[in-house]
Amino acid sequence: MRLVKTLPILLSLGAALGSVSAWALPNDQEQPIRIQADDAQLDDKNGVATYTGDVIITQGSMKVTGNKVTITRTAAGEIDRVNSVGNLAYFEQLQTAGDTKPVQGYGVTIDYYAQANRVVLTDRAKVIDKDNNVTQGEKIVYDTVKKLASAGRAKGTKLSTPQPRIDMMIQPKKKTDGQKAN
């Protein structure tokens, strides 16, 4: 494998990971990208990079893991989709400076649609936010620009563990000393 052939895909990967910045710390997109995997198949002609075997991708506070991660580009060379599959695939990222805990996402499949600014977690989907609020269901969709989430059934998708209902746990807000006195 020659670096000259893989460079366009690696640069496109950097653009994709950097464009998740709506969920990210401002300087995450300026950090180097590290990809660890047992195997890499890079197809520049078709704009597809596939990494297999305990894949770990990191950039700043962002981390994506899975058994297989596939990155596809549009005809213009921009990232179209990042697909992570695992048992379970995992995503984490700090949202704002000063956060001590990242938002964490799990699913058998995690898809990031760069052009639509959307993350979709499917099959045993679970999101834990920085305040330990938990949302679980068959499918969770998050719009990274509007910061809107929806959870529910994954209709038309073969699931390893069907969950006919969503399950949410919302933590009580912590009161300050002044609020406790009232």
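Please treat every number below as a calculation from the coordinates, not as lab data. These numbers were taken from a predicted model, which means no experiment stands behind them. Using ideal geometry, Cβ is built from the backbone for each residue, glycine included, and neighbour counts are taken over all protein chains shown.
Which order, highest average first, do 153-165, 111-123 follow once you tally other Cβ atoms within 10 Å for each residue and take the mean per peptide?
Listed from highest to lowest mean packing, they are 111-123, 153-165.
Using only alpha-carbon positions, what ratio does the radius of gyration of the range 3-172 give when scaled by 2.2 N^0.38 Å?
In units of the globular-protein estimate, the range 3-172 measures up at 1.01.
Nearest 20 debye, what's the magnitude of the dipole of the range 3-172 about its Cα centre given +1 on Lys and Arg Cβ and -1 on Asp and Glu Cβ?
It works out to roughly 460 debye.
Strictly over 22 Å apart at the Cα level, which of Lys63/Lys130; Lys126/Lys147; Lys101/Lys155; Lys63/Lys101; Lys63/Lys126 would you flag in this model?
Lys101/Lys155
Taking neighbour Cβ counts within 10 Å as the exposure measure, how do Ile79, Ile170, Ile56 sort from fewest upward?
Ascending number of Cβ neighbours within 10 Å: Ile170, Ile56, Ile79.
Please report, in whole Å, how far the alpha carbons of the range 21-85 spread along each principal axis, starting with the longest.
That gives 32, 29, 18 Å along the principal axes, largest extent first.
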